[in-house]
1. Tell me, please, whether a residue that is modelled with pLDDT of 80 or more and within 28 Å of the chain's Cα centre (by Cα) can be found in segment 76-97.
2. Any chance you could count how many residues in segment 110-149 are at positive phi and not in a loop (DSSP other than H, G, I, E, B)?
3. Could you tell me which residue of segment 180-204 is nearest to Thr251 (Cα to Cα), considering only residues that are outside any loop (DSSP other than H, G, I, E, B) and acidic (Asp, Glu)?
4. Return the residues of segment 173-217 that are at pLDDT 80 or above and acidic (Asp, Glu); say none if nothing qualifies.
5. Would a scan of segment 227-237 turn up a residue that is part of a helix (DSSP H, G or I) and without any contact (Cβ under 8 Å) to a residue 24 or more places away in the chain?
6. On the given criteria, is Asn307 in contact (Cβ under 8 Å) with a residue 60 or more places away in the chain and polar (S, T, N, Q)?
7. Quick check: anything in segment 103-117 at pLDDT 90 or above, aliphatic (A, V, I, L, M), surrounded by fewer than 17 Cβ atoms within 10 Å (Cβ to Cβ) and closer than 30 Å to Asn232 by Cα?
8. Identify, by number, the condition in (1) part of a strand (DSSP E or B); (2) within 33 Å of the chain's Cα centre (by Cα) that Tyr328 doesn't meet.
Amino acid sequence: MDSGLSYPQPAGPRYNKERQRGGVIAIYASMKPCVPPTMRCTGRLGSRPSACELTSVRSQASSALCNTNRKEQVMGGNSSTEHINKTMNSEVATAKPVATLNDLRQALPTTDTLRYVKNDTFIADPTLLLGRVYYEKVGSNALIPFHTRITVAVDERSLLKSPQTMSELVIDSKMSASAEVLSFVSLSLSNDELYELRVINNAAGRAQDSGDAWDQALKKWLDNPLSQQLINNKKVGSVSVVTGVVQKYLTSKKYRKFEAGAKGGGWGVNVAGSLYTSSSEFQLDVIYGLDLVSFGRAEDVNEFAENVALGKRLTAPDELASVSAKFYNMASSRASIFRLNA
């Protein structure tokens, strides 16, 4: 039986699903047009409220849904890029800044004695690089690995008990091109792209390079006839020893600047007020940072031993730069700095 009540059913949204985690967001919206409610009074039916009262209640609900529609339409696919970015900044996610050179130096520090090299699959334990010896040879532009390592004592306090996340950075194309250390990240960027970089220290260790343990390790190495031949060779220049090592994991994900009308990826990040989206997975690059102690050219074993005892190490910037360049040439030309015959 027709009750005489007549009111339209408000068209509700298929509710947005909105996910927010840090600066990363995913937004999906689908809208139907909002239909304004109507009012029509038909009087009271027995003890039931009048149609005016019922339609008034539904009018309020419909108005609330209309307001929801208007608000959620901001997040829908019909808005401009500017509109989406504005709403994202005001209601969804805090903007992340692009990394500066100072941010990068803190995550991947560089010093006169620290060198980074590419992943070496032959290194099962990074601390086994401690005590490795490399030397200069007259006329060569690359260091040469020596057969016999120095059996150094490892400082137990320097060992990591678990991986440490050092930094999470947003790298744009300008920074990627200007920072040499980022050449180890196997991603290329266009002007409207960037990548999120996470720097993790996965393993680290340091040798005791002073005190009785260090002196005894060097003395034992110098007593080896092969070491004496090396030091007495007139064509040998400086001798360098690895005293510190860190294994770094670099995880990266590429993002492209979002434009309305172009479907983005399943991940998003707010960078400097603009939405960037990605459909790629994180990729992993592994590098090693090696700290070297270098001793200058000695005429014979006795002079070398004296230099070690007095702590005479290379400290001049030009000398350290020369050793660094030759170490890089050696590391980049070999399949492994761990294997002598690589």
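The values are calculated or read from the model by the stated rules, or taken from the named source; none is laboratory data. Since this is a predicted model, take the numbers as computed values, not measurements. A quick note on method: Cβ atoms are made from the backbone with ideal geometry, for glycine too, and the neighbour counts reach across all protein chains shown.
1. Checked segment 76-97: at least one residue is modelled with pLDDT of 80 or more and within 28 Å of the chain's Cα centre (by Cα).
2. Pass one, segment 110-149, residues at positive phi: 131, 139.
Now restrict to residues that are not in a loop (DSSP other than H, G, I, E, B): none.
Final tally of qualifying residues: 0.
3. Filtering segment 180-204 for residues outside any loop (DSSP other than H, G, I, E, B) gives 180-184, 193-204.
Next, only the ones that are acidic (Asp, Glu) stay: 180, 193, 196.
Working: Glu180: 17, Glu193: 16, Glu196: 8 Å.
Ranking the qualifying residues of segment 180-204, first place goes to Glu196.
4. Matches in segment 173-217: Asp192, Glu193, Glu196, Asp209, Asp212, Asp215.
5. yes
6. Working: in contact (Cβ under 8 Å) with a residue 60 or more places away in the chain: no; polar (S, T, N, Q): yes.
The answer is no for Asn307.
7. Within segment 103-117, none of the residues are at pLDDT 90 or above, aliphatic (A, V, I, L, M), surrounded by fewer than 17 Cβ atoms within 10 Å (Cβ to Cβ) and closer than 30 Å to Asn232 by Cα.
8. The failed condition is (1).
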